[in-house]
Amino acid sequence: MSEIDNGPVVVAGVCGSGTRVVADILAELGFFIGNDLNSAKDNLLFTLLFKRPKWYYENNQDSETINTGLSLLQKVMTGKQGLSKQELGFLLTAVGSKVFIGHQYEGRGRGIWPLKRLKKILGMGPEKYKDISYVGWGWKEPHSLLLIRQMNCYFDSFRYIHVLRHGLDMAFSDNQEQLHLWGRLFGVEQPRNQSELPAISLRFWARVNRDIIQIGEEMGPERFLLVDFDELCSAPYESVQRIISFLDIKPNEEAVQRILKIPKRPASKGRYQNHDLNQFAADDLAVLEQLGFPVVRKV
């Protein structure tokens, strides 16, 4: 097999939503999700090309530029040969910006990190896929949600899986990277101190998920799937079957049984109940409940 078709399937969500579990499920189902992944199963090719805060805030991206990056990503992921001059320029610009700026709000990802990614890209070719049978391709990278509209327009066979987890549990997570990176894109201010962080985190969660779900409704059920991480862990069979149906594949029973063992209830589920909920805005709590997440008050 020299190229992979059927895709992409993209998994995203607010950081900490449980997207890694869905990425593990995709891989177990036979999807190629990349050969340059971190421990969270983020596709670092996407990170290199598109996780560029300055690029977004300075409005340096337009449809043609984004499409060039998506074309480059597709070629590398599916084993197609030959980068165009525009694609090569996009790649080198992304690498150059990462060398000096990095890709995280603390400045991490600078220096040699992008050069390692470049080496991986240059080592990808059709021979990588010989004698390997994949049912499709895609990737998991939470920040992919920023490009959902552009990806939906660019890819003919695009499917997007958006993972949701209880926003109050996430408000007390240590993983607030997206809030720090993209808060202003969604009209959310940065917390002035640690005590403001949970309330502002929930506001970010509410606005991001509300916006993405609205876009998903416009895309339709054949291209957009919403996965409740808490339900995936508590009732894996029903959730896994929905994912399989969405992907339109027929895995064997052995694969399904292996997949059902992947979701695990996190120890942090319900941690918000140990905190005072009066710090959260009523509007944000209302969005939480509208999206199907009950608020249980113990404090």
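Results, tabulated for the structure shown:
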quantity: Given (1) crowded, with 23+ Cβ neighbours inside 10 Å; (2) in a loop (DSSP other than H, G, I, E, B), index of the condition Gln81 fails; calculated: (1)
quantity: Pairs where the first residue, in the stretch 71-91, is closer than 14 Å to Lys120 by Cβ and the second is of a type in the set (Val, Ile, Thr) and open to solvent by less than 70 Å² (accessible area, probe 1.4 Å), C-beta under 6 Å, 6+ apart; calculated: Val76/Ile121
quantity: The stretch 48-90, subset among the aromatic types (Phe, Trp, Tyr) and in contact with a Ser or Thr (Cβ under 9 Å, 6 or more places away or on another chain), residue farthest from Leu181 (Cα to Cα); calculated: Phe90
quantity: Looking only at the stretch 65-113, and only at residues there that are of a type in the set (Ser, Thr, Tyr) and touching an Asp or Glu at 6+ places or on another chain (Cβ under 8 Å), the one that is farthest from Tyr154 (Cα to Cα); calculated: Tyr105
quantity: Those helices (runs of 4 or more DSSP H) lying entirely in the stretch 171-270 with at least 3 residues open to solvent by 20 Å² or more (accessible area, probe 1.4 Å), closer than 21 Å to Leu146 by Cα and touching a residue at least 40 places away in the same chain (Cβ under 8 Å); calculated: 197-219
quantity: Single residue of the stretch 92-106 satisfying the filter (without any contact (Cβ under 8 Å) to a residue 60 or more places away in the chain and open to solvent by 40 Å² or more (accessible area, probe 1.4 Å)) that is farthest from Ile121 (Cα to Cα); calculated: Glu106
quantity: Residue in the stretch 107-131 that is modelled with the highest pLDDT, counting only those that are in a loop (DSSP other than H, G, I, E, B) and open to solvent by 60 Å² or more (accessible area, probe 1.4 Å); calculated: Ile112
quantity: Scope the stretch 22-47; condition more than 26 Å from Cys233 (Cα to Cα) and over 14 Å from the mean Cα position of the chain (by Cα); matching residues; calculated: Asn35, Asp36
quantity: Residue check for Leu73: open to solvent by less than 10 Å² (accessible area, probe 1.4 Å) and over 14 Å from the mean Cα position of the chain (by Cα); calculated: yes
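Here is a yes/no grid of residues against (1) farther than 28 Å from Gly109 by Cα; (2) modelled with pLDDT of 95 or more; (3) in contact with a strand residue (DSSP E or B) (Cβ under 8 Å, 6 or more places away or on another chain):
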{"residue": "Leu145", "(1), (2), (3)": "no, yes, yes"}
{"residue": "His166", "(1), (2), (3)": "yes, yes, no"}
{"residue": "Glu177", "(1), (2), (3)": "no, no, no"}
{"residue": "Pro198", "(1), (2), (3)": "no, yes, no"}
{"residue": "Arg207", "(1), (2), (3)": "no, yes, no"}
{"residue": "Gly216", "(1), (2), (3)": "yes, yes, yes"}
{"residue": "Phe224", "(1), (2), (3)": "yes, yes, yes"}
{"residue": "Phe229", "(1), (2), (3)": "yes, yes, yes"}
{"residue": "Ala235", "(1), (2), (3)": "yes, no, no"}
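The values are calculated or read from the model by the stated rules, or taken from the named source; none is laboratory data. Computed from a predicted structure; not experimentally measured. Every residue, glycine as well, gets a Cβ built from its backbone with ideal geometry; the counts of neighbours run over all protein chains shown. In case anyone asks, the SASA skips ligands and DNA or RNA and just uses the protein heavy atoms, side chains included. Shrake-Rupley method; radii C 1.70, N 1.55, O 1.52, S 1.80 Å.
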